[in-house]
Protein chains: 2
Amino acid sequence: MTTIPSSEDLTTTVFAKRTSIEQVEEGYELAPKFDDHGLIPCVTTDADSGEVLMLGHMNCEALQRTIEIGEAHYWSRSRQQLWHKGATSGLVQKVSELRIDDDQDAVWLRVKVQGNGASCHVGYRSCFYRSVPVGEAYRPNQQLVFVESGKTFNPKSVHGDALNPTVL
Amino acid sequence: MTTIPSSEDLTTTVFAKRTSIEQVEEGYELAPKFDDHGLIPCVTTDADSGEVLMLGHMNCEALQRTIEIGEAHYWSRSRQQLWHKGATSGLVQKVSELRIDDDQDAVWLRVKVQGNGASCHVGYRSCFYRSVPVGEAYRPNQQLVFVESGKTFNPKSVHGDALNPTVL
């Protein structure tokens, strides 16, 4: 079993140091930028449909494990711990492709979701299950539109009494 | 011409107040959560191909303008100003659909890009033009793979001497 060092060690020893704009934008080295909290945002889409499933965050260790194991790992901000997505629910996200953006401060995962194919703790396939009408000024009484035909699973039966990650 | 109040006013007067987890997750009110910097991350994808074009950030005003005008507006963190994407380059992002996620702390825009169809300041169609091989432990000498066949435009001819947004 590989011993994985702490996030701070990883940032400076595993990935490349950021030395120039040309290196970051045009180069072949992975030199990710983690924010003040040691996190990098990660967009996760369905590899087949292109649907955006969720926007998560990774610390250095989550990014390293995702690359090594080929399954999505995130940093849970609500639980403050490494999060192997689907480890308890079975809804593992197998990574088809991992991309980094121009300034290397964002990750894009294309995944195939195991089990019932859902990625949202509320029970929907995608976390983005509501749309906002566009093309006119927003009115306070304007209603969101639910775009999925229904929930894919009952969150109570999958997550039980686990901490709800939503923070007000 | 509409007078748009400051971001702080907007947060508390234009959009709904966040009052409960049920309201935020299951409700019909738009009650977005802005972070400590007053920003909400925004995933922008091509409405036809599903390709992730960029990950941007919006302040309250950018979100309001995007909804009202139907063209993507962001907050430029490098320039610290409202950014109507494509206003100078012509590469405007027309919004086909705007979605909000379960805990309403992330936005997804599906867009049709005008002009040559590119969204990346480096000249590529997508900002995510490099992939990272997965399935084995990351090695320091591992190389990123460029996935687009080439740049869509010459950034010098479009952006000239404008400030490069990449921060080391």
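Quick one: is B:S126 modelled with pLDDT of 90 or more, part of a loop (DSSP other than H, G, I, E, B) and within 27 Å of B:A47 (Cα to Cα)?
Yes.
Of all residues in the stretch B:94-103, count the ones that are part of a strand (DSSP E or B) and in contact (Cβ under 8 Å) with a residue 60 or more places away in the chain.
Final tally of qualifying residues: 1.
A:K94 fails exactly one of the following numbered conditions: (1) buried (at least 24 other Cβ atoms within 10 Å of the Cβ); (2) closer than 29 Å to A:V147 by Cβ. What is the number of that condition?
Condition not satisfied by A:K94: (1).
Of the residues that sit in the stretch B:134-147 and are part of a loop (DSSP other than H, G, I, E, B) and more than 8 Å from every other protein chain (Cβ to nearest Cβ), which one is surrounded by the fewest Cβ atoms within 10 Å (Cβ to Cβ)? Let's see the steps before the verdict.
Within the stretch B:134-147, the first condition is being part of a loop (DSSP other than H, G, I, E, B), and the residues that meet it are B:134-144, B:147.
Pick out the ones that are also more than 8 Å from every other protein chain (Cβ to nearest Cβ) and you get B:139, B:141.
Details: B:R139: 10, B:N141: 7.
Selected residue: B:N141.
When you look at B:G115, is it in contact with a Phe, Trp or Tyr (Cβ under 9 Å, 6 or more places away or on another chain), at positive phi and outside any strand (DSSP E or B), yes or no? Full working, then the answer.
Details: in contact with a Phe, Trp or Tyr (Cβ under 9 Å, 6 or more places away or on another chain): yes; at positive phi: yes; outside any strand (DSSP E or B): yes.
Judged against the criteria, B:G115 is a match.
If the requirement is being within 24 Å of B:P165 (Cα to Cα) and among the β-branched types (V, I, T), which of these qualifies: B:T45, B:T19?
B:T45
Consider A:R99 against the criteria (1) among the basic types (K, R); (2) more than 7 Å from chain B (Cβ to nearest Cβ); (3) under 30 Å from A:P32 (Cβ atoms): it satisfies all of them except one. Which criterion is unmet?
A:R99 satisfies every listed condition except (2).
For residues that are at the interface with chain B (Cβ under 9 Å from one of its Cβ atoms), assigned to a loop (DSSP other than H, G, I, E, B) and not hydrophobic (A, V, I, L, M, F, W, C), tally how many sit in the stretch A:14-46.
Qualifying residue count, the stretch A:14-46: 7.
Here's the yes/no breakdown for (1) modelled with pLDDT of 90 or more; (2) in contact with a helix residue (DSSP H, G or I) (Cβ under 9 Å, 6 or more places away or on another chain); (3) of a type in the set (A, V, I, L, M, F, W, C):
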residue: A:I100; (1), (2), (3): yes, no, yes
residue: A:V132; (1), (2), (3): yes, yes, yes
residue: A:Y138; (1), (2), (3): yes, yes, no
residue: A:Q143; (1), (2), (3): yes, no, no
residue: A:F153; (1), (2), (3): no, no, yes
residue: A:G160; (1), (2), (3): no, no, no
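Check A:A106 against each of (1) touching a residue at least 24 places away in the same chain (Cβ under 8 Å); (2) touching a strand residue (DSSP E or B) at 6+ places or on another chain (Cβ under 8 Å); (3) among the aliphatic types (A, V, I, L, M); (4) surrounded by fewer than 17 Cβ atoms within 10 Å (Cβ to Cβ) and name the one condition it does not meet.
A:A106 satisfies every listed condition except (4).
May I ask you to verify whether A:V113 is of a type in the set (A, V, I, L, M, F, W, C), under 27 Å from A:L39 (Cα atoms), more than 10 Å from chain B (Cβ to nearest Cβ) and in contact (Cβ under 8 Å) with a residue 60 or more places away in the chain?
Yes; evaluated as a whole, the condition is true for this residue.
Quickly run through the stretch B:81-103 and pick out the residues that are under 27 Å from A:V167 (Cα atoms) and out of contact with any strand residue (DSSP E or B) (no Cβ under 7 Å at 6 or more places or on another chain).
Passing the criteria: B:D102, B:D103.
Of (1) modelled with pLDDT of 90 or more; (2) under 11 Å from the mean Cα position of the chain (by Cα); (3) closer than 30 Å to A:S131 by Cβ; (4) not β-branched (V, I, T), A:S119 satisfies all except one. Which?
All conditions pass for A:S119, except number (1).
If the requirement is being under 20 Å from A:P32 (Cα atoms), aliphatic (A, V, I, L, M) and in contact with a Phe, Trp or Tyr (Cβ under 8 Å, 6 or more places away or on another chain), which of these qualifies: B:V145, B:V122, B:V167, B:V134?
Within the list B:V145, B:V122, B:V167, B:V134, the selection yields B:V122.
Name the single residue that is surrounded by the fewest Cβ atoms within 10 Å (Cβ to Cβ) among those in the stretch A:40-81 being hydrophobic (A, V, I, L, M, F, W, C) and closer than 21 Å to A:P155 by Cα. Spell out the reasoning first.
Here is the first cut: in the stretch A:40-81, the residues hydrophobic (A, V, I, L, M, F, W, C) are A:40, A:42-43, A:47, A:52-55, A:58, A:60, A:62-63, A:67, A:69, A:72, A:75.
This time we only want the ones that are closer than 21 Å to A:P155 by Cα, so: A:52-55, A:72, A:75.
Numbers: A:V52: 26, A:L53: 26, A:M54: 25, A:L55: 21, A:A72: 28, A:W75: 23.
The residue in question is A:L55.
Quick one: which of B:A162, B:A87, B:A118, B:A106 is within 28 Å of A:S119 (Cβ to Cβ) and aliphatic (A, V, I, L, M)?
On inspection, the qualifying residue turns out to be B:A106.
The values are calculated or read from the model by the stated rules, or taken from the named source; none is laboratory data. Note that this is a predicted model, so its numbers are computed, not measured. We place every Cβ from the backbone using ideal geometry, glycine too, and count neighbours over all the protein chains shown.
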